[in-house]
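The values are calculated or read from the model by the stated rules, or taken from the named source; none is laboratory data. Please read these numbers as outputs of a predicted model, since none were measured by experiment. Backbone-built Cβ (ideal geometry, glycine too); neighbour counts: all protein chains shown.
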Amino acid sequence: QDYTAVKLKVLEWLETAVKATSKIPDGSRVYFVAATLRPETMYGQTCCFVGPDIAYGIYRVSDDEYFLVSERSARNIAFQGIFAQWGAVDKITDILRADVIGTLVNAPLSINERVRVLPMETVKFSKGTGVVTSVPSDSPDDYATIIDLTKKADYYGIKKEWVERDIIPIIETPKYGSLIAPSLVQSMKINSPKDPKLLEAKEEAYKEGFYHGTLIYGEFKGRPVSEAKGLVKEGLIISGDTFNYAEPDGVVISRSG
Ligand code: ZZB
């Protein structure tokens, strides 16, 4: 699978992260790195998700740059010429999800420039970087999670205002209007982030968005998604906000690593 890895720069850690992040040299940049298949939707990011029971770490890229990703993906990144030394992983510290919930990060290109790190129960340890950037306008999984987090903010120990951000229309489709994900979640009567119907909703959203969608926001407004995808991605690579991240197919990796 070929992903675009999006770098969300840490602007402010919460108190809970102080201990875990104490080994990061002062003045360094730390990024939550999210794997996406939809670079053209980055305008609509509203938060950044981390999953339960995933071994996360902070990894050294260079003296003043660090990535927060899953342990598993750090080992993949090491073989893609991103870290200082080919094949070598330099972990500064382990990170628990509880350490980083609420961290304030910068979401490149998004209308919501500053977004929070929030919990998502359905993040898989075995896919991407274990960090997911949330686009509730176009991802049914993200929309279903946002609804759940809003309802149960106290339970998750998060602030409502971290979740309730502007969901702006970025892609227009003939079938679902300009908010594909909310439209599908409502019409399919999906009311939990664990609803199995989300798989079908995701496939439908991918298909409609890609084949029939038009970008209605940003620099490439008016272009079909199939065309805009590459253009947005190229811009993000040139600006240094993303890099290509490939994942080996069909490789079974044990949980303990
Ligand atoms: C932003 C985005 C915007 C995404 C969208 C999708 C959509 P797939 O299709 O199953 O290969 N993702 C990435 N890593 C994980 C993970 N470890 N666990 C759970 N979800 C993950 O999955 C690729 C997409 O799933 C990625 O693209 C990411 O969310 C999420 F409008 O990034 B995406 C219709 C989908 N729309």
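Write out, first by first residue and then by second, each pair whose Cβ atoms fall under 8 Å of each other, whose residues are 6+ apart or on separate chains, and whose first residue, in segment 201-226, is under 20 Å from residue 167 (Cβ atoms) while the second is among the β-branched types (Val, Ile, Thr) and surrounded by fewer than 18 Cβ atoms within 10 Å (Cβ to Cβ).
217/111; 217/168
Quick one: residue 55 ticks every box in (1) at pLDDT below 95; (2) under 18 Å from the mean Cα position of the chain (by Cα); (3) of a type in the set (A, V, I, L, M) bar one, so which box is it?
It is condition (1) that residue 55 fails.
Which residues, counting only those in segment 211-227, are within 14 Å of the ligand (Cβ to nearest atom) and farther than 15 Å from residue 137 by Cβ?
211, 212
Exactly one condition in (1) surrounded by fewer than 16 Cβ atoms within 10 Å (Cβ to Cβ); (2) within 19 Å of the chain's Cα centre (by Cα) is false for residue 179; which is it?
It is condition (1) that residue 179 fails.
Across segment 148-181, which residue is farthest from residue 223 (Cα to Cα) among those that are at pLDDT 95 or above and of a type in the set (Asp, Glu)?
Per the criteria, the residue is 154.
Which numbered condition trips up residue 218, out of (1) crowded, with 17+ Cβ neighbours inside 10 Å; (2) more than 16 Å from residue 42 (Cα to Cα); (3) within 21 Å of the chain's Cα centre (by Cα)?
All conditions pass for residue 218, except number (2).
So, in segment 219-244, exactly how many residues are under 14 Å from residue 36 (Cβ atoms), out of contact with any Pro (no Cβ under 8 Å at 6 or more places or on another chain) and not in a helix (DSSP H, G or I)?
So the answer is 2.
Does segment 95-109 contain at least one residue that is hydrophobic (A, V, I, L, M, F, W, C), in contact with a Pro (Cβ under 7 Å, 6 or more places away or on another chain), in contact (Cβ under 8 Å) with a residue 24 or more places away in the chain and away from the ligand (no atom under 14 Å from the Cβ)?
Among the residues of segment 95-109, at least one is hydrophobic (A, V, I, L, M, F, W, C), in contact with a Pro (Cβ under 7 Å, 6 or more places away or on another chain), in contact (Cβ under 8 Å) with a residue 24 or more places away in the chain and away from the ligand (no atom under 14 Å from the Cβ), which makes the answer yes.
Would you mention how many residues in segment 149-193 are within 18 Å of residue 44 (Cβ to Cβ), assigned to a helix (DSSP H, G or I) and of a type in the set (S, T, N, Q)?
Residues flagged as within 18 Å of residue 44 (Cβ to Cβ), assigned to a helix (DSSP H, G or I) and of a type in the set (S, T, N, Q) within segment 149-193 amount to 3.
Are there any pairs, at least 6 apart or on different chains, whose C-beta atoms fall under 8 Å, with the first in segment 175-192 and within 13 Å of residue 146 (Cβ to Cβ) and the second of a type in the set (Ser, Thr, Tyr) and within 11 Å of the ligand (Cβ to nearest atom), and if so, which?
What qualifies is 179/137; 181/137; 181/139; 181/143; 182/137; 182/143; 185/143.
Residue by residue through segment 148-164, note down the ones that are among the aromatic types (Phe, Trp, Tyr) and surrounded by fewer than 12 Cβ atoms within 10 Å (Cβ to Cβ).
Looking only at segment 148-164, we keep the residues that are among the aromatic types (Phe, Trp, Tyr), and these are 155-156, 162.
Hit for segment 148-164 is 155, nothing else.
Among the residues of segment 131-140, is any in contact (Cβ under 8 Å) with a residue 24 or more places away in the chain and more than 12 Å from the ligand (Cβ to nearest atom)?
Applying the first criterion (in contact (Cβ under 8 Å) with a residue 24 or more places away in the chain) to segment 131-140 yields 131-140.
From the residues that got through so far, the ones that are more than 12 Å from the ligand (Cβ to nearest atom) too are none.
No, segment 131-140 contains no residue that is in contact (Cβ under 8 Å) with a residue 24 or more places away in the chain and more than 12 Å from the ligand (Cβ to nearest atom).
In segment 93-110, what residues are surrounded by 17 or more Cβ atoms within 10 Å (Cβ to Cβ) and part of a loop (DSSP other than H, G, I, E, B)?
101, 102, 103, 107, 108, 109, 110
All but one of (1) free of Cβ contacts under 8 Å to residues at least 24 places away in the same chain; (2) within 12 Å of the ligand (Cβ to nearest atom) hold for residue 113; state the number of the condition that does not hold.
The single condition residue 113 does not satisfy is (2).
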